[in-house]
Amino acid sequence: MPNQKKIIAVLSDLMFTVKIQDAAKRAGLEAVFAKSEDQAIAEARQHPAVVILDLNDKAVNALEVISKLKGDAATATVPLLGYMSHVQVELKRAAEEKGCDSVMPRSAFSARLPEILARYRGDDGRE
């Protein structure tokens, strides 16, 4: 697929890395995993379909990444999707205030991942 759409995932959780990689592959999307703030920003400048952020990741300050991406003209329009523990109401609010376009509980993200990726692919996910 020459013009394969790309997603960027900013996380270090191995379970979610495998889950996202597998779902992206099935959706016909390339998944790139950013392990640092700088890598996330550099990858976002390549105009991916979406940047997915684990708001609970300890390796990267997701709120800082959101601020930098939304504050840079080159990346401000890239959709950002964050997920976190469902009990973290303040974190959800903070991510939304920084400019995260969609924030959802980790369980909903996990359960709806194929549907979510199909939406960012630009269709209903059917071949």
Relative contact order, percent, segment 6-121 [alpha-carbon distance under 8 Å, six or more residues apart] | 26 percent
The Kirkwood hydrodynamic radius of segment 1-114, taken as the inverse of the mean 1/r over all distinct Cα pairs, in Å, comes to 13.9 Å
Mean residue ellipticity at 222 nm from the helices of the chain, using -39,500 (n - 2.57) per DSSP H segment of n ≥ 4 over the full residue count, to the nearest 500 deg cm²/dmol?
-> -13000 deg cm²/dmol
Which one of Tyr83, Ser110, Val51 has its Cα pushed farthest toward the positive end of the charge dipole of the chain, where Lys and Arg give +1 and Asp and Glu give -1 at the Cβ?
-> Ser110
Once you sort the root eigenvalues of the Cα gyration tensor of segment 42-95 as a ≥ b ≥ c, which label holds: rounded (a/c under 1.5), prolate (a/b larger than b/c) or oblate (the other case)?
-> prolate
How much length is gained if the chain between Met15 and Glu64 is pulled fully straight, taking 0.36 nm per residue apart and subtracting their Cα-Cα distance, in nm to one decimal?
-> 15.3 nm
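Read the figures in this text as sums done on the coordinates, not as results from a lab. All values reported here derive from a predicted model rather than from experimental measurement. A quick note on method: Cβ atoms are made from the backbone with ideal geometry, for glycine too, and the neighbour counts reach across all protein chains shown.
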